[in-house]
Amino acid sequence: MKLDAHQHVWRYSAAEYPWIPVGSALQRDWLPEDLAALQKPLGFAGSIAVQARQTLEETRWLLDLADRHPHIRGVVGWVDLRAAEVGAQLREFAAHPKFVGVRHVVQDEPDERFMLGAEFLRGVSQLREFGLTYDLLIFPKQLPAAREVVARFPEQAFVLDHLAKPAIKRRELEPWATEIRALARHPNVCCKLSGLVTEADQQHWREQDLWPYLDVVAEAFGPARLLIGSDWPVCLLASSYQRTMQAVMTWAQKFSSAEQAGIFGDNCARFYLRHDQSTGKRTATG
């Protein structure tokens with residue numbers, strides 16, 4: 001089963017999505033039915049919907065959408081990991097079978113060591129109790145802090161979004177590649193093959209521009225810890241859904257059929273959708 005490990009949905013408003021470029025294709029509602037029509041020709045049976053706003057209301061809305069759209073297989077939502085009541089927030093959402101993980105938009109935090117704050121670490125420490133994963137949304141400069149966090153919680157499952165957004169447009173590999181290899185030495189971390197086309201030259205990128213970066217994470221993490229993701233509809237700033245996914249699928253032809261099946265869906269299911277078959281409840285991952 002093919003699964004897209006990273007996509008978004010929203011009802012657009014300029015106030016709630018100030019980061020969306022004016023005049024871009026993103027300035028409209030993008031909803032589950034829009035993506036389903038794009039996934040079917042490529043054989044993708046579902047996806048993981050990931051938070052785009054840091055509100056509890058959005059998390060509740062995503063779970064409501066997941067109830068009404070079976071091809072949303074899981075939701076990575078937002079909770080306030082620094083709040084004293086984070087346990088109650090996690091308990092509320094973890095009761096929903098499709099709530100699979102948590103993300104904070106760390107890339108927007110001015111402090112490069114934001115994740116090492118005591119309150120944030122306290123929140124992360126509670127995720128495994130609920131069988132929840134954590135998505136790392138960071139820039140390369142935040143990789144050292146991320147490495148310290150994943151080392152503190154070796155039993156917690158983490159996944160790196162968008163390869164930490166390397167400087168593809170400038171064709172720079174270092175120091176990003178060295179930091180990626182150091183992060184990948186922690187076996188509790190996976191990596192999403194997502195968000196690359198928007199880090200490349202958005203108007204003139206070629207598949208070959210992405211391959212050096214994909215090669216680094218493949219060597220570092222190994223194919224069993226790689227998950228294909230579109231970052232739709234954000235990818236539309238640079239590419240169609242089909243071309244975005246096909247770029248990774250073409251690159252992945254170097255792997256065995258079993259490894260490709262993992263990258264294209266099995267690894268995503270194993271990372272996000274593990275359940276205890278006897279109880280129907282999620283089990284801790286990582």
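The values are calculated or read from the model by the stated rules, or taken from the named source; none is laboratory data. As the structure is a computational prediction, the values presented were derived from the model and not from experiment. FYI the Cβ positions are ideal-geometry reconstructions off the backbone, even for glycines, and counts take in every protein chain you see.
When the residues of segment 206-264 are filtered to those that are touching a residue at least 40 places away in the same chain (Cβ under 8 Å) and aromatic (Phe, Trp, Tyr), the one that is nearest to Lys40 (Cα to Cα) is Tyr241.
Of the residues Arg82, Arg113, only one is in contact with a helix residue (DSSP H, G or I) (Cβ under 6 Å, 6 or more places away or on another chain) and surrounded by fewer than 15 Cβ atoms within 10 Å (Cβ to Cβ); which? Give the steps one after another, and end with the answer.
On the way: Arg82 fails: surrounded by fewer than 15 Cβ atoms within 10 Å (Cβ to Cβ).
The match here is Arg113.
Taking the residues in segment 1-56 that are basic (Lys, Arg) and part of a loop (DSSP other than H, G, I, E, B) as candidates, determine which candidate is nearest to Gly74 (Cα to Cα). Walk me through it before giving the result.
Applying the first criterion (basic (Lys, Arg)) to segment 1-56 yields 2, 11, 28, 40, 53.
Those still in the list that are part of a loop (DSSP other than H, G, I, E, B) too: 11, 28, 53.
Details: Arg11: 19, Arg28: 23, Arg53: 17 Å.
Across segment 1-56, the extreme among qualifying residues is Arg53.
Looking only at segment 193-219, which residues are in contact with a helix residue (DSSP H, G or I) (Cβ under 7 Å, 6 or more places away or on another chain), more than 26 Å from Asp34 (Cβ to Cβ) and buried (at least 18 other Cβ atoms within 10 Å of the Cβ)? Passing the criteria: Tyr213, Leu214, Val216, Val217. Remark: Arg103 matches the filter, which requires a residue to be at pLDDT 95 or above, basic (Lys, Arg) and within 30 Å of Gln260 (Cα to Cα).
Suppose the filter is buried (at least 22 other Cβ atoms within 10 Å of the Cβ), among the β-branched types (Val, Ile, Thr), in contact with a helix residue (DSSP H, G or I) (Cβ under 7 Å, 6 or more places away or on another chain) and part of a helix (DSSP H, G or I); does Ile138 pass it? Considered against the rule, which asks whether it is buried (at least 22 other Cβ atoms within 10 Å of the Cβ), among the β-branched types (Val, Ile, Thr), in contact with a helix residue (DSSP H, G or I) (Cβ under 7 Å, 6 or more places away or on another chain) and part of a helix (DSSP H, G or I), Ile138 comes out as no.
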